[in-house]
Amino acid sequence: MIDLLQPELTVEPRPTDPEAARYVRSYLVMRIFIGALGVVLPFMLVLSDGLAFDGDPFPHGSLSAYYYSGARELFVGALSAIGVFLFTYKVASSTLENTLSILAGFAVAAVAIFPTGPPPEGSDLTPLQDLLGESVVTTIHYVSAAVFIASLAVISFFFGVREGSRAPREGRRSPTFWRWYHWSWAATIVVALLWIAVTQIIGSPDKALLIGEAVAVWAFGASWLMKGFELDTLRGK
């Protein structure tokens, strides 16, 4: 049980066996894909709804509000893909990162399944909202979103811890650079969470929730995207 709370602090050498390395490359490509999805998701939601579906208002007040837009399928599909990856990508490990990844996977799936409250302009309640009550579903949505984002901040922090423990390599950016790269994105996620909390309490500025959610998702995506770019392994070297 204690292993599930034990962080990984060092980076193991990548396998040299061609068969094992092939699976590692697949793992890295998936990490790149999920990171790229996080980076482009806010743009995809805002632009697809505005350009393809003449979204009104444009933009919506939060990423979660796109559940009630023409981009609903894109919103649910993208979060579901991220959730499946987070749940499975280290499922065989017994470490803190795996625990947080599974937690984040369940949480982001809950964000997609339990929608935020309907927009001010009105919308029919979903069957789930009718069954459980709108306020209950909305509460689950926001708690799940907070758990998802906070878990990713901790994972990105430990990305930095491990990258900083690598031995320096000639012609490559230093381990110190990569430590602070991931720590900067982890800090950005924390700041985005604080921004969301404060602006929701004071009720301003306009679109504050959208800004905070977008920044948190971008930070998650940027950290995971570059964590997957181990070019020597991806090239089979």
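Here are a few things to note about the model shown:
- Calculated from the alpha-carbon coordinates, the chain shows an Rg and a Dmax of 19.0, 61 Å respectively.
- Protection proxy ranking of 219-228, 44-53 - average other beta-carbon atoms within 10 Å, highest first: 219-228, 44-53
- With the charge dipole of the chain set up from +1 on Lys and Arg Cβ and -1 on Asp and Glu Cβ about the Cα centre, the Cα lying farthest toward the positive end among the listed residues SER94, GLY203, GLY221 is that of SER94.
- Protection proxy ranking for 168-176, 147-155, 111-119, using the average of other Cβ atoms within 10 Å per residue and placing the highest first: 147-155, 111-119, 168-176.
Readers should treat all values here as calculations from the given coordinates under stated rules, not as data from a laboratory. For clarity, every value in this text was computed on a predicted model and none was experimentally measured. Because the Cβ atoms are built from the backbone with ideal geometry, glycine has one as well, and the counts that use them run over all protein chains shown.
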